[in-house]
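These notes concern the structure reproduced below.
Bear in mind these aren't lab numbers, they're just calculated from the coordinates by the rules spelled out. As the structure is a prediction and not an experimental result, all values here were calculated from the model. We place every Cβ from the backbone using ideal geometry, glycine too, and count neighbours over all the protein chains shown.
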Amino acid sequence: MDQNKDLNQFDIPLAKRTHLNNSNSILLKKLLLFSPFLFLLFCIFGLRLIRNIEIGSLGNFNFQDQRNHDYRILGHLPYAEISKEKLVLIEPNIEVHIDMRDSLLKMRDEAKKDGIYLVFLSGYRSINLQKEIFYSLKSFRNQEAAERARVSAPPGYSEHSTGFAIDMGDATKRETDFEPEFENTDAFKWLIKNAAKFHFKLSFTKDNKYIDYEPWHWRYEGSIEALKVFESSNRKS
Ligand SMILES: [Zn+2]
């Protein structure tokens, strides 16, 4: 009985080992038999994965592109026309957004105290007026749209239609009105030093790649509405 019991104890592991060995070799044979199919499946899944990654990154790129797309036309961003009730007349022919009136007038007064005489040349311009400026001057000067856009915004794309833009000159140097030479005037030098105190910013600096340098053109960023209007432009520059 004891001997049998001992034998049984040895037999079971042996039987188990044989069984395991057999099943292992069957599995191996099956694997070898199916290996070409498995390889094929692996290739198919691999290719699909690569394709998905490519599509995914392409999708991300498009998404990024959409986010970065700012709807510029010839380098100008679109601007909606201000509603008439927000416009105020600050002097004959010069209307501006009510938000910027006090700051603009205060800036002119402060400049005067320093012996600088600022002249307001152009404030709010309707989209219709911009249409006339852009199209009539363009044909008059025999310029193509892209050339003209370097010095004038297409209608619907001018900061002037928001009421937050102001073109300024030097009262003692009127020959520099709307000219790059305005940058050599005392008025411009004063503006560079002081305009930010009144929340004015030069819109088209020398490093703007689309639009020519306009030292006379400043925009107001001293209210939430103004900041919202120029948010896209500030993100880009
Ligand atoms: Zn301007």
Problem set entry | ³J(HN,Hα), Karplus 6.51/-1.76/1.60, whole Hz, each residue of the stretch 101-106, x for Gly, Pro | 3, 4, 5, 5, 5, 5
Seminar exercise, completed: The orientation-averaged projected area of the Cα convex hull of the stretch 119-237, in nm², is 7.5
Exercise. By how many nm would the segment from LYS228 to PHE34 lengthen if fully extended, with 0.36 nm per residue of separation less the alpha-carbon distance?
Worked result: 63.4 nm
For this session: Taking amide H positions as placed in the peptide plane 1.01 Å from N, state which residues far from LEU121 in sequence (5 or more) or on other chains have amide H under 5 Å from it.
Result: ASP167, MET168, GLY169
Exercise. Using Cα pairs under 8 angstrom and six or more residues apart, how large is the relative contact order of the stretch 75-228, in percent?
Worked result: 27
For this session: Return the Rg/Rh value of the stretch 168-237, two decimal places, where both radii are evaluated on C-alpha atoms and Rh is the Kirkwood radius.
Result: 0.99
Seminar exercise, completed: The summed charge of the MET168 Cβ neighbourhood (under 11 Å; Lys/Arg +1, Asp/Glu -1) stands at -3
Problem set entry | Karplus-derived HN-Hα couplings along the stretch 86-94 (A = 6.51, B = -1.76, C = 1.60, θ = phi - 60°), whole Hz, x at Gly and Pro | 9, 8, 10, 8, 9, 6, x, 6, 10
For this session: Please give the contour-minus-distance gain from LYS206 to SER136: 0.36 nm per residue of separation, less the Cα-Cα distance, rounded to one decimal in nm.
Result: 22.6 nm
For this session: Find the centroid of the Cα atoms in the stretch 193-208 and in the stretch 156-191, then give the distance between the two in whole Å.
Result: 11
